[in-house]
Amino acid sequence: CIRDRLLGVNMRRFHRIKPILTGAAAVFLLATPSVAQAPAAISGIESGNWELRDLGRSGVRNQICVRNPARLLQIRHPGQACPRRVLSEDGRSVTVRYECSGSGWGQTSVSVETPRLVRIDTQGIDSGSPFNASYEARRTGECN
């Protein structure tokens, strides 16, 4: 084809390597660095000890140590390196979905009021059981 010759592209060769290029792009996009990095919307959250008040269970309170703001994205699967993808994000909130091989998945929305106060809505499956919870999370001091 004249167009292919003008562009210097051999389309037959391109069609043979297209699946390889597509696969490489998918691996690049799904690589796990996003697991370690916090989305921009929550990057300003302060590290330290946080109190989570469960808004649906009579204000039950739990304490967690947050060294990385991404910890607040996985309330029900702590300490697991679960690949995640950002579903939506603006300057003050983020929604992510994550998959934990063999133990479940979750979808979490974090809305940042201040660097010391956030709202967390999370749902998913943890060890075969469904969960759905809303929390008010407030920084209370340094981690022990």
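The values are calculated or read from the model by the stated rules, or taken from the named source; none is laboratory data. The structure presented is a predicted model; accordingly, all values stated were derived computationally and were not measured. Cβ placement follows ideal geometry from the backbone for every residue including glycine, while neighbour counts extend to all protein chains displayed. The protein model used for the area step is the full one, side chains on, heavy atoms only, and it has no ligands, DNA or RNA in it. Shrake-Rupley method; radii C 1.70, N 1.55, O 1.52, S 1.80 Å.
Just to verify a result, which residue in segment 57-77, among those that are open to solvent by 70 Å² or more (accessible area, probe 1.4 Å) and part of a loop (DSSP other than H, G, I, E, B), is nearest to THR122 (Cα to Cα)?
Residues of segment 57-77 open to solvent by 70 Å² or more (accessible area, probe 1.4 Å): 57-58, 61-63, 67, 76.
In the following step, the residues that additionally are part of a loop (DSSP other than H, G, I, E, B) were identified as 57-58, 67, 76.
Working: ARG57: 14, SER58: 17, ARG67: 20, ARG76: 8 Å.
This residue is ARG76.
Does any residue of segment 125-143 turn out to be loosely packed, with under 14 Cβ neighbours inside 10 Å, among the hydrophobic types (A, V, I, L, M, F, W, C) and touching a residue at least 12 places away in the same chain (Cβ under 8 Å)?
So far as segment 125-143 goes, yes, one or more of its residues are loosely packed, with under 14 Cβ neighbours inside 10 Å, among the hydrophobic types (A, V, I, L, M, F, W, C) and touching a residue at least 12 places away in the same chain (Cβ under 8 Å).
Which one is farthest from ILE75 (Cα to Cα), of the residues in segment 113-124 that are open to solvent by less than 20 Å² (accessible area, probe 1.4 Å) and among the β-branched types (Val, Ile, Thr)? Checking each candidate, the answer is VAL118. For residues that are more than 18 Å from GLU142 (Cβ to Cβ), within 15 Å of the chain's Cα centre (by Cα) and hydrophobic (A, V, I, L, M, F, W, C), tally how many sit in segment 37-75. Going through segment 37-75 one residue at a time, the tally reaches 7.
Conditions (1) crowded, with 20+ Cβ neighbours inside 10 Å; (2) out of contact with any helix residue (DSSP H, G or I) (no Cβ under 6 Å at 6 or more places or on another chain), marked per residue:
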site	(1), (2)
ASP90	no, yes
GLU99	no, yes
GLY104	yes, yes
VAL110	yes, no
